[in-house]
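**Student:** Below you'll find the structure I mean.
The values are calculated or read from the model by the stated rules, or taken from the named source; none is laboratory data. In this text the structure is predicted, and so the values were computed from the model without any measurement. Cβ coordinates were reconstructed from backbone atoms using ideal geometry, including for glycine residues, and neighbour counts include every protein chain displayed.
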Amino acid sequence: MQILVILPNWLGDAVMTTPALELLVHYYPQVEFTFVGSYVSIEAIKHHPHTKKAIVDTTKQASSRVLATYKLAKELGSFDMAISFRNQIHASLLLRLTGTVITIARASWHSNFLLSHTPNISTQQHLVKQYVELAMINQENFDGIIPPLKLYIKKKEFEKPMLGINAGATYGSAKRWYPERFAEVAAYFSSDYDIIIFGGPNEVEMAQDIQKHLEKLQITNFINLAGKTTIEELCATIGGCSLFITNDSGPMHVAAAYQVPTVAIFGPTKYKETSQWMNKKSVLVRHEMECSPCMKRECPLKHHECMTTITASEVIEAVKSLHVRV
């Protein structure tokens, strides 16, 4: 069984496709996946043991994306099944141009026109469930049981318990809690854990702010890895943490894939859709606001109260509620 899978662009969304991938393996044990996606999503998912090919989609950089999509489709050839987890016209076009008979994506004006199976999938449910509905559309024997997230990158082993701090959120500033409050929480637990500050290449400044606040609090048992890890190293290091405190972000879902006890801080996003999936030790901290979830990159009302009202002491108590043994 040869299956083409177009992955979402974002790290967290790509990780949330993994239960759907595991179900495809369950129902098609001899499956071989060809993955197409962004650099970030490919780096996270390419380690799957049923991967045949993993291709970074560079068609967006071409002078003619349609022509580049056509060329990629002809290079790929046809498959037994092709699924797009990305609701985008060029993704639908790629599936169609491969010549694959069974092509699947959620309903949209372009997928309805180009593809063979385009189910209407409710967005009023967790994104993991949405992806599973797509993958299982032709599986009459599906029993409805959805597995946890799964990454095949070996986690790093640490000699001491590690507390991971992730203050970034690639989508926008509205999703980010504040560096000084992350530092206050990290400092509180610094006698039990060594601290790792995480962050992407665009979050180095924020991580440096956390570092400065920790130094003011005379905390020294930390390392700042912001902007210094590959995606594989990021996943492995998060997987080795004993505790993780994070905004709604891709690393939050990575932590869930490794069942790392996590406190996740949510502001303007749909927590019912993108909270951690099946993490046995996970606490969500959020405040219900009249304006939330606004789903904006920046606070449109300029007050950011969905985040400003969340205190460090509140997050500290959330960590304690996990009853994590050091």
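**Student:** Identify all residues within the range 108-143 that are among the acidic types (Asp, Glu) and exposed (fewer than 13 other Cβ atoms within 10 Å of the Cβ); write none if there are none.
**Tutor:** Glu140, Asp143
**Student:** Which residue pairs have Cβ atoms under 9 Å apart, sit 6 or more places apart or on different chains, and have a first residue in the range 248-263 that is without any contact (Cβ under 8 Å) to a residue 12 or more places away in the chain and under 14 Å from Thr18 (Cα atoms) and a second that is of a type outside the set (D, E, K, R) and outside any strand (DSSP E or B)?
**Tutor:** The qualifying pairs do not exist here.
**Student:** Do we find a residue being acidic (Asp, Glu) and within 26 Å of Val263 (Cβ to Cβ) anywhere in the range 124-145?
**Tutor:** The answer is no; no qualifying residue exists.
**Student:** Please count how many residues of the range 119-141 are under 20 Å from Ile3 (Cα atoms) and modelled with pLDDT under 95.
**Tutor:** Looking only at that region, the number is 4.
**Student:** Could you grab me the full set of residues in the range 27-71 that are over 27 Å from Asp248 (Cβ atoms) and either in contact (Cβ under 8 Å) with a residue 60 or more places away in the chain or in contact with a His (Cβ under 7 Å, 6 or more places away or on another chain) (or both)?
**Tutor:** Across the range 27-71, the qualifying residues are Tyr27, Val31, Glu32, Phe33, Pro49, Thr59, Arg65, Thr69.
**Student:** Going through Leu95, Leu23, Leu67 one at a time, which residue ends up being in a helix (DSSP H, G or I) and in contact with a Leu (Cβ under 8 Å, 6 or more places away or on another chain)? Spell out how you get there, then give the answer.
**Tutor:** Numbers: Leu23 fails: in contact with a Leu (Cβ under 8 Å, 6 or more places away or on another chain); Leu67 fails: in contact with a Leu (Cβ under 8 Å, 6 or more places away or on another chain).
Testing whether each residue is in a helix (DSSP H, G or I) and in contact with a Leu (Cβ under 8 Å, 6 or more places away or on another chain) leaves just Leu95.
**Student:** Then there's this: Yes or no: Val36 outside the structural domain of Leu234 (by TED's automatic domain parsing), touching a Leu at 6+ places or on another chain (Cβ under 6 Å), buried (at least 22 other Cβ atoms within 10 Å of the Cβ) and modelled with pLDDT of 95 or more?
**Tutor:** Taking the combined requirement at face value, the residue does not satisfy it.
**Student:** A further question on this structure: Answer yes or no: is there a residue in the range 144-152 that is outside the structural domain of Pro293 (by TED's automatic domain parsing), over 23 Å from Pro49 (Cα atoms), β-branched (Val, Ile, Thr) and surrounded by fewer than 19 Cβ atoms within 10 Å (Cβ to Cβ). Break it down into steps so the answer makes sense when it comes.
**Tutor:** We begin by selecting, within the range 144-152, every residue outside the structural domain of Pro293 (by TED's automatic domain parsing); these are 144-152.
Keeping just the survivors that are over 23 Å from Pro49 (Cα atoms) gives 144.
Adding the requirement that they be β-branched (Val, Ile, Thr) leaves none.
No - not one qualifying residue is present in the range 144-152.
**Student:** Hey, could you check the range 72-104 for residues that are closer than 21 Å to Glu32 by Cα, free of Cβ contacts under 8 Å to residues at least 60 places away in the same chain and touching an Asp or Glu at 6+ places or on another chain (Cβ under 9 Å) and say which is surrounded by the fewest Cβ atoms within 10 Å (Cβ to Cβ)?
**Tutor:** First pass over the range 72-104, keeping only residues closer than 21 Å to Glu32 by Cα: 72-86, 91-92, 94-104.
The next check asks that each one be free of Cβ contacts under 8 Å to residues at least 60 places away in the same chain; those that pass are 72-75, 77-78, 92, 96-97, 99, 101-104.
Restricting the remaining residues to those that are touching an Asp or Glu at 6+ places or on another chain (Cβ under 9 Å) gives 72, 101-102.
Working: Leu72: 19, Val101: 11, Ile102: 16.
Only one residue tops the list, namely Val101.
**Student:** Please return the ranges of helices (runs of 4 or more DSSP H) entirely within the range 233-326 where 2 or more residues are modelled with pLDDT of 90 or more, touching a strand residue (DSSP E or B) at 6+ places or on another chain (Cβ under 7 Å) and of a type outside the set (Lys, Arg).
**Tutor:** 250-257, 312-321
**Student:** Quick one: would you say Ile6 is in contact (Cβ under 8 Å) with a residue 40 or more places away in the chain and assigned by TED's automatic domain parsing to the domain that holds Phe79?
**Tutor:** yes
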